Every structure is written in C-alpha cells, then in structure tokens.
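Everything on this sheet refers to the single structure shown next.
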Amino acid sequence: MVGHQWFPWINNPTPGTVLMTSTKQEQELYNESDSKPEWRSLLSDYQNISDSYFTLSKANYELTGDNQILQEHSAWLNEQTKLLNRTSAELMSMNLALSLENNQLMEQIVNLTSTNVKLTQEHDQLVQYTSEEEDKKLNMSQTIKYLVSSNTQLQDEKHRLSETSILLREELFQVEENNQDLLEINDKFQREIHNLSEKMGAFLGDDCEKATTHNMQLQETITELQEENQNLNVTLAAERQEAAERQTNRRTEMDQMMADMHSLNEVYHTLDLYCPVVNQKTKERICKKCPDSWRLFQTKCYYFSSHLLSWSSSKAWCQTHDGDLLIINSEPEQMFIFDTSLAVEQDSRLWIGMTDAEREGEWHWVDGSTVTSDVQYWLSRPGMESEPDDWKLDDPLGEDCGHIDTTENALKSWMDGSCKIPYRWICEKNV
C-alpha cells in the first residue's frame with residue numbers, strides 16, 4: 001500500500017515512460033537516502049518491485065503475443081467448425097440419399113426374390129417339359145423306324161404290283177389272241193357250213209335218201225359245231241369278264257397303292273421338314289424343336305409369358321424374338337392356347353394379336369388380316385352386353401386391344417381391353 005502511494009506509475013505502467021521515471025526517482029531516492037536512512041529500506045523494496053514489474057511486463061508482452069496467436073487459432077478453429085458443419089450437413093444429406101437408395105435396393109431385392117421364385121417355377125416347368133420332349137423324341141424315333149419299315153414294304157408292294165400288272169397285260173394280250181383264234185375258227189366253221197350247204201344242194205338231184213342222210217349228218221355236225229362255238233363264246237365271255245374284273249381290281253389296288261404312296265410321301269415330306277437327314281450315309285435324322293420356353297403345337301411354336309406388359313410392349317417383345325402376338329386360326333388352336341395358359345397360371349388374362357385401334361369395331365390381326373366370323377370366340381354373358389363393348393370407364397380412349405380371360409369358357413373367352421393395362425401375353429412363330 002505504501003509503495004503504491006509513493007510510486008503511482010506502478011498502478012498504470014506504460015512501456016514508454018517506465019524506465020525514464022524509474023531512473024529519475026531512483027536518483028532522487030538515492031540522494032535522499034544519504035540524508036534519511038529510512039528511505040534505504042523503501043529503495044530496496046522499490047528495486048525488488050521494479051524487477052518484478054519488468055518480469056511481469058515481459059510476461060505480459062509474451063502473453064499478449066500468445067493471446068494474438070490464440071485469437072488467430074480461434075478464428076481458424078471457427079472456420080474449421082463452419083467447414084465441419086457444412087461437411088456434416090453434406091454427410092447427413094448423403095446419408096439420407098443412401099437411406100433412400102437402400103430402401104430402393106430393398107424393394108429391388110424383394111422384386112428379385114419374387115422373380116427368382118417365378119424363374120425357379122419356370123425352371124421346374126422347363127425340366128418337366130424337357131422330359132416330355134425327350135419322351136416325344138423317343139416316340140418320334142420309333143415312328144421314324146416304323147415309317148421307314150412301312151416305306152420299304154410299300155416299295156416292295158409297288159414292285160410286286162408292277163410285276164402283276166405286266167402279267168395281267170400279258171394275260172389280257174393272250175386272251176385277245178385266243179379270242180382272235182376263236183373268231184377265225186368260227187369263220188372257218190361258217191365257211192364249212194356254207195360249203196356243206198352248197199354240196200347238199202348239189203347232191204339233192206342225185207340221191208335224195210343219201211342226201212337226206214348226209215344232210216342229217218351235216219345238221220348234226222353243224223349243231224355240234226354251233227354248240228362248240230357257243231361254248232367257246234361263253235368261255236371267251238367269261239374269260240373276258242374275269243380278266244376285266246381282275247384288271248379293275250388291280251387298278252383299284254394300284255389307285256389305293258398310289259394314294260398310300262402319296263400319303264407316305266406327304267409324311268416323309270413333313271418328316272424331312274421337321275426331322276431332316278443329317279447323315280446321308282447312315283440316314284440319321286435330327287428332329288427340330290422349338291426354342292427353350294416355347295411350346296410346339298402343329299407347325300408353330302408358342303410362348304406363354306409369366307410377366308406383365310402393355311399390348312404394344314408385348315407385341316415388341318414377340319417381334320424381338322422373331323415372332324409376333326398370337327393369331328388364332330382354328331378351334332383346336334384356341335383350345336390349345338387356352339388350356340396351356342390355364343396350366344401356366346390360373347385365373348389370368350393374356351394379350352393376343354388383334355386390335356381395332358384404326359377403326360372402332362373393325363378387328364384385325366397383327367398381320368393385317370381381318371378377324372373372320374367363323375373363327376371368333378368373344379365372351380357373352382346372359383343378360384349383359386357381349387364383348388367387345390369398348391368400355392370407357394377405365395380408359396377414356398376405350399378398349400382397342402384383344403385378350404383372353406382364362407376364368408371364362410374356352411370358346412367364349414375373348415375380351416377387348418385398354419391397351420395400356422399390363423397383362424401376360426402369348427407369342428407365336430413358325431418352327
């Protein structure tokens with residue numbers, strides 16, 4: 001307290017004036033200390049305080065520099081904090097996006113799981129179908145062997161019939177020659193009868209009794225000759241009738257054989273078409289079959305989808321697989337596609353290749369042909385409007401594309417629908 005009263009510069013020291021004031025005061029104190037001994041103690045305290053002050057001033061200066069460094073570091077930390085905040089916001093945004101993407105991936109996983117189950121089912125169906133195809137192939141091989149054997153027998157029969165026909169022609173020629181001989185014999189008999197009649201007339205004037213006897217003999221001879229001639233004519237007629245019947249029977253047999261040969265040629269043509277010979281030496285055949293997942297019926301392959309697409313997308317899918325949407329040409333084909341669709345999946349609708357998009361009510365197939373009245377299987381319900389009805393409540397544009405409803409009767413299952421609705425579909429293409 002005493003030092004602070006006598007040395008006011010200590011209370012508010014300033015760097016520029018401290019040393020100068022201190023030196024001046026020290027000089028005065030030293031001067032006074034010579035005359036006043038109590039000041040020596042105070043001067044000693046003053047010197048200690050001055051040393052402490054210098055030390056504190058130096059420490060304060062250093063602290064001021066450290067404080068400036070700390071402020072700069074604090075500003076840098078504030079910048080880093082702002083950067084971290086921005087980074088944190090970005091990370092939170094990325095985390096939200098990743099969460100959304102994760103949800104989408106989970107949905108895709110669920111969809112893929114469902115698709116995998118369907119593919120597994122389709123694989124099982126394909127395995128069963130492959131087994132059935134192997135059985136059909138075995139049956140086809142047996143059929144081919146039977147056809148080859150039948151062809152050999154038919155060739156032998158044809159050769160035998162040719163030889164028989166030649167023999168018949170020879171027999172007929174022989175009959176004609178015999179007939180000519182009989183005609184010549186008849187003419188000869190007629191000439192002899194005429195000569196005998198002339199001789200009889202010549203002998204009438206000589207001896208009536210001899211003539212009468214000779215005439216009777218001649219009449220008997222003539223009667224015998226006429227009977228023999230009649231028998232020869234009957235025999236010749238019977239031989240001619242028998243030859244004609246044999247010729248007719250042979251011609252009938254030949255016609256039947258030619259028909260069988262024609263049928264066999266058609267069978268072999270079909271066989272060559274679907275089971276061509278791959279080795280001319282061994283006559284080995286390999287039968288064609290439809291691609292995987294396609295089913296054979298008559299001369300076409302059919303694909304029954306298990307997924308859903310719009311009518312136009314279904315048509316595009318079929319065309320990218322070298323086919324087109326189904327065109328129904330007969331009742332057996334309608335029954336086949338209906339039963340197969342029902343076997344693939346119960347209670348479903350499937351797009352087929354007909355539309356009246358160009359002009360309402362005029363239905364055409366995808367190949368441009370008209371849907372004919374003799375091959376139509378539209379749905380009709382008692383007391384309700386029959387299909388097609390161009391229903392507009394679901395789609396203001398109406399219903400311009402055809403599909404089959406497997407919940408209905410097979411021969412009354414066609415319906416029109418909005419082309420935008422996704423259904424299963426049926427493709428077809430040639431073998």
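With N set to the residue count of segment 292-430, report its C-alpha Rg divided by 2.2 N^0.38 Å to two decimal places.
0.97
For Val371, enumerate residues with amide H under 5 Å from its amide H, sequence gap 5+ or separate chain, H modeled in the peptide plane.
When sequence neighbours closer than 5 places are left aside, the close amide H contacts are Trp363, His364, Trp365.
Listing Arg160, Arg285 from the residue with the fewest other Cβ atoms within 10 Å to the one with the most, what is the order? Please report the intermediate quantities before stating the final value.
On the way: Arg160 11, Arg285 17.
Arranged by neighbour count, lowest to highest, Arg160, Arg285 become Arg160, Arg285.
Taking the beta-carbon count within 10 Å as an exposure proxy, list Lys145, Lys420 from fewest neighbours to most. Before the final figure, lay out each step's value.
Values: Lys145 10, Lys420 13.
Going from least to most buried by this count: Lys145, Lys420.
Based only on other Cβ atoms within 10 Å, what is the fewest-to-most ordering of His364, His194?
Working: His364 16, His194 10.
So the ranking, lowest neighbour count to highest, is His194, His364.
Using a simple charge model, +1 on the beta-carbon of Lys and Arg, -1 on the beta-carbon of Asp and Glu, nothing else, what dipole does segment 292-430 show about its Cα centre, in debye to the nearest 20?
Details: 11 positive and 26 negative charges, 87 e Å.
Once rounded to the nearest 20, the dipole reads 420 debye.
Remind me, relative contact order of segment 289-375 in percent, using alpha carbon pairs under 8 angstrom and six or more residues apart?
Over segment 289-375, the number comes to 22 percent.
Between the alpha-carbon centers of segment 359-403 and segment 64-81, tell me the distance in whole angstrom.
Centre-to-centre distance over Cα atoms comes out at 82 Å.
Quick note: the coordinates plus some simple rules give every number you see, no bench work behind them. Because the structure is a prediction, the values reported are computed rather than measured. Positions of Cβ are backbone-derived with ideal geometry, glycine not excepted, and every protein chain shown enters the neighbour counts.
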